[in-house]
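Down below is the structure, laid out as structure tokens.
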Amino acid sequence: SYWRALKLVEPVYLLGDAAHCRGGLAVIHGWVPEAQLADVIEQLRKTLARPFHIENHPPKIYEYASVPTAIRYPAWLKPFVSLTRNYGTPRYGEIDPTWLFALSSIMLFGIMFGDVGHGATLVIASYIFRNLLKSYAYLIGANGLSSIVFGFVYGSVFGNEHLLPPLWQSPLHEPSVILLVAIYIGVAFIALSITINIYNNILVTDYHRALMSPGGLPSLIAMSSVILYVIGAGQHLVFPGLLLLVSLMMMMQYLWATNDSSTSERVVVVSIELFETLLSLFSNILSFLRVGAFSLNHVALMLAVFAIAEMLPENGYWLMMILGNLFVIGFEAANVMMQVLRLEYYEGLSRYFHADGRMFRPLKLDDSEVQYRYT
């Protein structure tokens with residue numbers, strides 16, 4: 001009976017200051033997903049014998065910090081949801097990073113681990129061990145499919161580059177091109193992350209941060225100036241130089257306005273932070289060289305497997321080929337996934353994801369559970 005009483009009073013306790021009662025009148029306020037509001041009203045009409053009145057409004061901007069986040073995802077996205085939740089929960093209204101995280105990480109994995117045979121092995125393994133892997137079977141299967149796609153792009157099957165004609169080219173034949181493409185990917189990825197950060201700040205009317213902070217519009221302008229300089233091969237310095245100067249002035253204004261130290265301290269702090277911002281921005285772009293490097297590493301590991309197998313007799317050859325491929329699939333796939341997560345967390349989420357929201361958890365009372373336990 002004690003257990004039943006506690007179970008029945010739990011939702012009332014969780015309401016806390018959201019519920020106020022006096023006499024026969026009760027007032028409750030809280031959050032309901034908009035799509036479920038009509039169902040709530042209908043249930044109240046069926047359940048309450050006495051009159052009730054409901055007032056509702058969309059969340060105001062000043063309420064965003066307290067509004068819980070209610071998001072539903074398809075089953076295949078669940079492992080990516082858990083990976084983003086390891087970083088934090090999205091605020092209400094801001095762009096949910098899960099979709100971008102999932103699609104970009106799958107693509108990056110395929111670029112670094114492009115092989116038709118190895119990708120197919122991951123897909124088959126994800127299906128065979130789906131009960132053990134649970135929702136993570138979707139993650140492994142999706143990464144495997146991406147590997148298959150880029151395996152056709154590279155023309156690679158179990159490290160063999162002579163069985164399929166490449167749709168593009170093998171990383172080993174033109175390594176400089178692969179590394180250059182990795183830089184392009186880094187520029188696009190970071191530019192998109194900064195754009196999302198600008199949007200998230202504009203959403204809460206923090207225009208100063210969106211348009212003047214080092215993580216906002218000035219960084220996009222600085223990146224654009226360098227891109228224009230590279231495209232022009234350094235022949236036209238005036239316009240790119242002006243863009244870079246404008247971005248630096250905008251960052252300096254923001255850093256100066258948000259620092260309340262003495263004038264001399266401000267000069268030192270602003271100078272250091274400005275230098276650190278520019279250095280980290282372009283070093284983060286160069287960090288994407290690992291995308292190209294790991295695609296080369298995949299080819300190099302398979303060449304090592306082939307070289308060792310060629311030195312063995314026939315039986316040893318096939319044993320080495322099997323064990324070597326299993327080693328590459330297990331060891332390198334895990335390593336590539338860690339590099340993907342590193343890029344997603346530090347070059348992506350850290351730029352635009354506030355990660356300080358809270359999930360919507362509805363109050364609920366399971367009458368059947370209470371009655372079953374009580375009877």
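Some observations on this one:
- Most mobile of Val238, Val299, Val340 in a GNM of the chain (Cα contacts under 10 Å): Val238
- Using the Karplus relation 6.51 cos²θ - 1.76 cosθ + 1.60 with θ = phi - 60°, the per-residue 3J(HN,Hα) values for the range 318-329 come to 5, 5, 5, 5, 5, 5, x, 5, 4, 5, 5, 4 Hz, with x marking Gly and Pro.
- Ordered by 1.4 Å accessible area with all protein chains kept, Ile221, Ile190, Ile128, Ile54 run largest first as Ile128, Ile54, Ile221, Ile190.
- Pairs spanning more than 19 Å between alpha-carbon atoms, out of Lys7/Lys364; Lys78/Lys364; Lys78/Lys134: Lys78/Lys364.
- Structure remark: mean-square fluctuation, Gaussian network model of the chain, C-alpha springs under 10 Å; the largest value among Pro59, Pro214, Pro68 belongs to Pro59.
- For the range 180-327, a simple Cβ point-charge model (Lys and Arg +1, Asp and Glu -1, everything else neutral) yields a dipole of about 220 debye relative to the Cα centre.
- Within the accessible surface of the chain, defined with a 1.4 Å probe on protein heavy atoms only, the carbon and sulfur portion equals 66 percent.
- Taken about its Cα centre, the range 19-109 carries a charge dipole of about 260 debye when Lys and Arg each add +1 at the Cβ and Asp and Glu each add -1 at the Cβ.
- Residues whose placed amide H lies under 5 Å from that of Thr69, excluding near-sequence neighbours: Arg358, Met359, Phe360
- Identified option (computed volume of the Cα convex hull per residue in Å³; candidates (i) 158; (ii) 236; (iii) 175): (ii)
- Dipole magnitude of the chain about its Cα centre (Cβ charges: Lys, Arg +1; Asp, Glu -1), debye to nearest 20: 1160
- A 1.4 Å probe, protein heavy atoms only, puts the accessible area of Glu310 near 130 Å².
- Cα gyration tensor category, rounded, prolate or oblate, for the range 196-284 with a/c compared to 1.5: oblate
- For the range 241-347, the solvent-accessible area with a 1.4 angstrom probe is 55 square angstrom per residue.
- Comparing Ala49, Ala75, Ala309 in a Gaussian network model of the chain where C-alpha atoms under 10 Å apart are linked, the largest mean-square fluctuation is found at Ala49.
- Counting only heavy atoms of the protein chains and using a 1.4 Å probe, Trp3 has close to 90 Å² of accessible surface.
- Selection from Tyr13, Leu211, Leu172 lying farthest towards where the dipole of the chain points positive, charges on Cβ: Tyr13
The values are calculated or read from the model by the stated rules, or taken from the named source; none is laboratory data. What you see is a predicted model; the values in this text were computed from it and never measured. Here the Cβ is made from the backbone with ideal geometry for all residues, glycine too, and neighbour counts use every protein chain on show. Areas reflect the complete protein model, heavy atoms only, side chains present, ligands, DNA and RNA absent. Shrake-Rupley method; radii C 1.70, N 1.55, O 1.52, S 1.80 Å.
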